[in-house]
Amino acid sequence: MSRASCLFQLCQIPSTNLLLRSSKLPRGLYVIPGWKIYPTLYFCKSLQTTTYEVVNGSYVPTTQTKQEKETKDKSLAKLDTVGAFQKLPMVMPSVDILHSALRKAKRVLPTKGIANIAKRERNRGAKQLDALMKELAISLRMYLESFPKKKYLHPYERSLIELTLGDGNYEEVLGKVDALRKKVVSVGKEHASFCAKSLTKREAEERLSEGMKKIEEIFSQDAKVVDDLLHIAKTLRAMPVVDLETPTLCLVGAPNVGKSSLVRTLSTGKPEVCNYPFTTRGILMGHIVLNYQTFQVTDTPGLLKRCDEDRNNLEKLTLAVLSHLPTAILYVHDLTGECGSSPSEQFVIYKEIKERFGDHLWLDVVSKCDLFQNSPVVFITDNDDPGHVELARYRKLGPDGAIHVSVKTEEGLSELKVKVHELLTLQMDKISEKSNQENLVIS
């Protein structure tokens, strides 16, 4: 028997038989004299999948339940991070996509060496229709693959999509783009097949022209979804990037209490500052550099006294930041009555947010203290209950330990910057501790 045949029969033997002496090998095995059988050189069809652990110097198989395996896989999974919006592709306007595809398709030439005119023409027509279909379909598919699925995004970015685009709008647009891609592919293949079956040159030219017009018509009918995707990409890329590893200070409070003015004072952020509520229409980012360390500062839309079901998307955006991002809170109070929310209303909002997000590092600031010399405005909504001692004290001085500042006169700003630096240093330690715990779990 040849050596190759011997090797083939050798590979069919179960691994346990390789440990037998040659006299006990199964019938039909031919061993060439001088050959030796080494178990370590044996190639088997099935692979060993049992894991082992060392016990008293010996290898003992370990048992791992399905639940333990799933837990381990989850712990090894990559943690959610933000920044997916900055990786979105540059979506071309639908008109440009169509014109580019038509231009490239018309430059396609027939296969060389076809002498028959009719065959050459139908070959050219089929290739051009196929090229037009592919140019359009590939562009749409590339966009679909580049836009992340919402379920894989960080919770903060999922909230941004829902609050800025509307619930379900993101998935709806992507679904329509995919439907358009499938429709273009179907129509393109159909007309390319028709053109390939043409019997004469004239028939091939007519079917080519008809197919081009049909594909263009199909794409143009639903081209708006591509422009909608372009708008989504622009909107999401404009969202500020929050680095989860960098300590972040989030300014919170009622509308028009002076949050944006403090952001301009404390950081490089330049939010719009106006004397009317809800000037801040989204999340605005800035950076603080203190003692050669860089920190983040975010300005958020103001909160009103109402339940979550009645809040607008701007207020929900603020709650999303506090819920999903590791931030320290700088809560701003305005007791002068200029902001439009009475101290009593601000007190209720403050107590609610403090109770809900009490696990965050916290610093209270009373703004516009230069106006305290004037008598505060008394609102009809103010609670004048003399028995409410905490509210009475709040209306005069704000929360316990609050820093009184004035951007106009710069009163208290130096103390505020020192306190902010201490707060962000603690936030840095908190982030580092959490990161070390996560790495310990993974390892």
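So the values come out like this:
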item: Environment charge of Gly168, counting only residues whose C-beta is closer than 15 Å and scoring Lys/Arg +1, Asp/Glu -1; result: 0
item: Label-to-label distance, nm, for residues given as Glu338 and His287 (7 Å Cα→Cβ offset); result: 3.2
item: Gain on full stretching of the segment that runs from Asn312 to Thr111 - 0.36 nm per residue minus C-alpha separation; result: 66.2 nm
item: Span from the the stretch 207-253 Cα centroid across to the the stretch 415-437 one, whole angstrom; result: 37
item: Approximate spin-label separation Ser414-Lys396, in nm, with each point projected 7 Å along Cα-to-Cβ; result: 2.8
item: Extension gain from Lys214 to Ala118, taking 0.36 nm per residue of separation minus the Cα-Cα distance; result: 32.3 nm
item: Inter-part distance where the stretch 323-357 and the stretch 296-321 are each reduced to a Cα centre, Å; result: 11
item: Above-threshold pairs, the threshold being 23 Å between Cα atoms, out of Lys134/Lys224; Lys176/Lys234; Lys106/Lys176; result: Lys106/Lys176
item: Ratio Rg/Rh [Cα only; Rh per Kirkwood] for the stretch 84-237; result: 1.12
item: Length gained when the stretch Ser146-Leu440 is fully extended (0.36 nm per residue, less Cα-Cα span); result: 102.6 nm
item: Entries of Lys151/Lys189; Lys149/Lys183; Lys150/Lys189 with Cα pairs more than 24 Å apart; result: Lys151/Lys189; Lys150/Lys189
item: Debye log10 I(q)/I(0) at q = 0.12 Å⁻¹ for the stretch 205-273, Cα point scatterers; result: -0.60
item: The stretch 99-137 residues near the modelled Lys183 label - backbone nitrogen below 16 Å, point 7 Å along Cα→Cβ; result: 133, 136-137
item: Phe219, Phe347 arranged by Cβ crowding within 10 Å, fewest neighbours leading; result: Phe347, Phe219
item: Inter-label distance, nm, simple model (7 Å from Cα along the C-beta direction), Thr235/Lys176; result: 1.2
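Since every read-out is calculated from the coordinates, none of them should be taken as a lab result. The shown structure was predicted, so the numbers you read here are calculated from the model rather than taken from an experiment. Every residue, glycine among them, receives a Cβ derived from its backbone with ideal geometry; neighbour counts consider all protein chains shown.
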